[in-house]
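*Asks:* Got a structure for you, written out below as structure tokens; questions coming shortly.
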Amino acid sequence: MEDDLLMQKAAAGDVEAFGQLVQAYQRRLVRFAERMTGDAEAAEDAAQEAFLRLWRTRATYRPQGSLSSYLLRIVRNLCLDHARKDFAATRRERIVPGSRYGYSLYQGALHAGSSAYRLTCGRDIWSLR
């Protein structure tokens, strides 16, 4: 309930109310993003971008659930976008000349340190349940 009141104040332009929301959720969002990406800098960026998006849409925000769920979903989507970009960049870097078609799409693309690898492994683990 307090989050809804703070968002109403933020929608009216109260920067301090929005700052209270940032203080309340920033740590949680960064930890969540870091678990998804494995990259502290990317996690900070994802949390910051989530708050920017919330600020930009504050006037149209309608509480349909908890604010934390809303923010976590934004961060999750940003992390998935990061993983897709990481995967695409890795795939471009790992082109293998001389293969049958002149390149190999997947050879080495999912190296163990990439966020795409962690997300793929996580998906595989969940599909086993």
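The values are calculated or read from the model by the stated rules, or taken from the named source; none is laboratory data. The shown structure was predicted, so the numbers you read here are calculated from the model rather than taken from an experiment. Note that we place each Cβ from the backbone using ideal geometry, even for glycine, and neighbour counts take in every protein chain shown.
*Asks:* In the set 61, 70, which member is closer than 18 Å to residue 6 by Cα, modelled with pLDDT of 60 or more and assigned to a helix (DSSP H, G or I)?
*Replies:* 70
*Asks:* Only residues in the stretch 22-51 that are modelled with pLDDT under 90 count as the first member; pair them with residues that are of a type in the set (Gly, Ala, Ser) and assigned to a helix (DSSP H, G or I), Cβ under 6 angstrom, at least 6 apart or cross-chain, and list the lot.
*Replies:* Note: pairs meeting the criteria are 37/43; 37/115; 38/115.
*Asks:* Would you check if there is a residue in the stretch 38-55 being over 25 Å from residue 85 (Cα atoms), in a helix (DSSP H, G or I) and in contact with a Leu (Cβ under 6 Å, 6 or more places away or on another chain)?
*Replies:* Looking for residues that are over 25 Å from residue 85 (Cα atoms), in a helix (DSSP H, G or I) and in contact with a Leu (Cβ under 6 Å, 6 or more places away or on another chain), one finds none in the stretch 38-55, hence no.
*Asks:* Would you mind finding the one in 76, 27 that is assigned to a helix (DSSP H, G or I), over 9 Å from the mean Cα position of the chain (by Cα) and of a type in the set (D, E, K, R)?
*Replies:* 27
*Asks:* Follow-up. Among (1) of a type in the set (A, V, I, L, M, F, W, C); (2) farther than 22 Å from residue 79 by Cα; (3) surrounded by fewer than 15 Cβ atoms within 10 Å (Cβ to Cβ), which single condition is residue 52 missing?
*Replies:* (2)
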